[in-house]
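Participant: The structure is given below, and queries will be raised subsequently.
The values are calculated or read from the model by the stated rules, or taken from the named source; none is laboratory data. Quantities reported herein were computed from a predicted structural model and do not represent experimental measurements. Every residue, glycine among them, receives a Cβ derived from its backbone with ideal geometry; neighbour counts consider all protein chains shown.
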Amino acid sequence: MRYRACRQHCGWQVSNQLNQSTVPNPKLAVGIIEYLKDEILRGTFPPGSTLPEVPIATKFNASRTVVREALRSLSEMGLVTLQPHRRATVTSMTPKGVRELFSLRAVLESFAVRLCMTEGRYGRREMEEIGGRYEVLRRSVVGSDEFSVVEADMDFHWAICAPCGHEMLLEQLKSLQTRSRVCIFLTKFYGSDVVNEIEAHAPILAAIRASHTKTAEEAMHSHITNAGERLLIRMIEVENRSEARA
């Protein structure tokens, strides 16, 4: 309920935001995707905001068919939720949903790390993949492209978990990817990722490289749990301030 109050208080009028500026001649879906993606990640369109087709089409001088194609792509990224009758909103999650997702990820991913290390599944190729994904994450952080950081974050975690060979576990992690992407995005929107992404993931990589099973497992569990707790605290703080102003 408090989360809904936060969204209501924001009072963002997406139509007005779209009309306040112009974008030079982007008629392809990719132009609309990039524009909306950037505006969502900047917080111009916060979680729960409606993205109306007509103002977007007008802004880009595009057909509604092209807009729908762009919104479908954003939905596949996890940034937009498509409702019945083609209504699209910026994806949001309740505090309860965030708590459940992060706690589940902490258990599953730390277990995957333990399997990989106790069964010797981190060979040379796997370690190169993990190190490479960490380097991509580092470059994304330096480049200040928040969406790239979100994707690089997910890729790094997947590179660590994928070698475990536990098919049912990996299926569960894959089924959580869209919601995981949304939660990582929310840490950007709410500014809860106070710890630099490079620093936050470094202990996990260091423990894996040192072949310290327990340390690596605990580092993964702690990293995900702490990220979830920081996000929940920020969500509640924002909602409480919104209710106080109402």
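Participant: Restricting attention to helices (runs of 4 or more DSSP H) lying wholly within segment 140-240, give those where 2 or more residues are over 30 Å from residue 118 (Cβ atoms). Spell out the reasoning first.
Facilitator: Details: elements: 146-161, 167-175, 177-189, 197-209.
The qualifying helices (runs of 4 or more DSSP H) are 146-161, 177-189.
Participant: Since residue 228 meets every condition but one in (1) among the small types (Gly, Ala, Ser); (2) more than 19 Å from the chain's Cα centre (by Cα); (3) over 25 Å from residue 122 (Cα atoms); (4) in the same structural domain as residue 105 (by TED's automatic domain parsing), which condition does it not meet?
Facilitator: The one condition residue 228 does not meet is (2).
Participant: If you scan segment 23-59, which residues turn out to be in contact with a Lys or Arg (Cβ under 8 Å, 6 or more places away or on another chain) and at pLDDT below 90?
Facilitator: Passing the criteria: 23, 41, 46, 47, 48.
Participant: Going by the structure shown, is residue 107 under 19 Å from the mean Cα position of the chain (by Cα), buried (at least 17 other Cβ atoms within 10 Å of the Cβ) and either among the aliphatic types (A, V, I, L, M) or not assigned by TED's automatic domain parsing to the domain that holds residue 229 (or both)? Break it down into steps so the answer makes sense when it comes.
Facilitator: Details: under 19 Å from the mean Cα position of the chain (by Cα): yes; buried (at least 17 other Cβ atoms within 10 Å of the Cβ): no; either among the aliphatic types (A, V, I, L, M) or not assigned by TED's automatic domain parsing to the domain that holds residue 229 (or both): yes.
No; evaluated as a whole, the condition is false for this residue.
Participant: Answer with yes or no whether residue 87 is charged (D, E, K, R) and under 16 Å from the mean Cα position of the chain (by Cα). Even if it seems obvious, please write down each step before you answer.
Facilitator: Working: charged (D, E, K, R): yes; under 16 Å from the mean Cα position of the chain (by Cα): no.
Here the answer is no, as residue 87 does not meet what is asked.
Participant: Evaluate the following for residue 120: is it at pLDDT below 90 and at positive phi?
Facilitator: Values: at pLDDT below 90: no; at positive phi: yes.
Against the criterion (at pLDDT below 90 and at positive phi), residue 120 does not qualify.
Participant: Quick one: residue 115 ticks every box in (1) exposed (fewer than 15 other Cβ atoms within 10 Å of the Cβ); (2) more than 30 Å from residue 40 (Cβ to Cβ); (3) touching a residue at least 12 places away in the same chain (Cβ under 8 Å); (4) not charged (D, E, K, R) bar one, so which box is it?
Facilitator: Going through the list (1) exposed (fewer than 15 other Cβ atoms within 10 Å of the Cβ); (2) more than 30 Å from residue 40 (Cβ to Cβ); (3) touching a residue at least 12 places away in the same chain (Cβ under 8 Å); (4) not charged (D, E, K, R), residue 115 breaks only (1).
Participant: Answer yes or no: is there a residue in segment 125-137 that is buried (at least 16 other Cβ atoms within 10 Å of the Cβ) and small (Gly, Ala, Ser).
Facilitator: no
Participant: A further question on this structure: Can you name the residue in segment 82-91 that is surrounded by fewer than 19 Cβ atoms within 10 Å (Cβ to Cβ) and touching a helix residue (DSSP H, G or I) at 6+ places or on another chain (Cβ under 7 Å) and, of all such residues, is nearest to residue 232 (Cα to Cα)? Even if it seems obvious, please write down each step before you answer.
Facilitator: Narrowing segment 82-91 to residues surrounded by fewer than 19 Cβ atoms within 10 Å (Cβ to Cβ): 82-87, 89.
Remaining after also requiring touching a helix residue (DSSP H, G or I) at 6+ places or on another chain (Cβ under 7 Å): 82, 86.
Values: 82: 25, 86: 30 Å.
In this case the residue turns out to be 82.
Participant: Okay, moving on. Take residue 66 and tell me if it is more than 16 Å from the chain's Cα centre (by Cα) and surrounded by fewer than 15 Cβ atoms within 10 Å (Cβ to Cβ). Let's see the steps before the verdict.
Facilitator: On the way: more than 16 Å from the chain's Cα centre (by Cα): yes; surrounded by fewer than 15 Cβ atoms within 10 Å (Cβ to Cβ): no.
No; evaluated as a whole, the condition is false for this residue.
Participant: Still on this structure, I have one more. Name the residue, out of 205, 186, that is modelled with pLDDT of 90 or more and surrounded by 18 or more Cβ atoms within 10 Å (Cβ to Cβ). Don't jump to the end; show me each part of the working.
Facilitator: Working: 186 fails: modelled with pLDDT of 90 or more.
Just a single option satisfies the conditions, and that option is 205.
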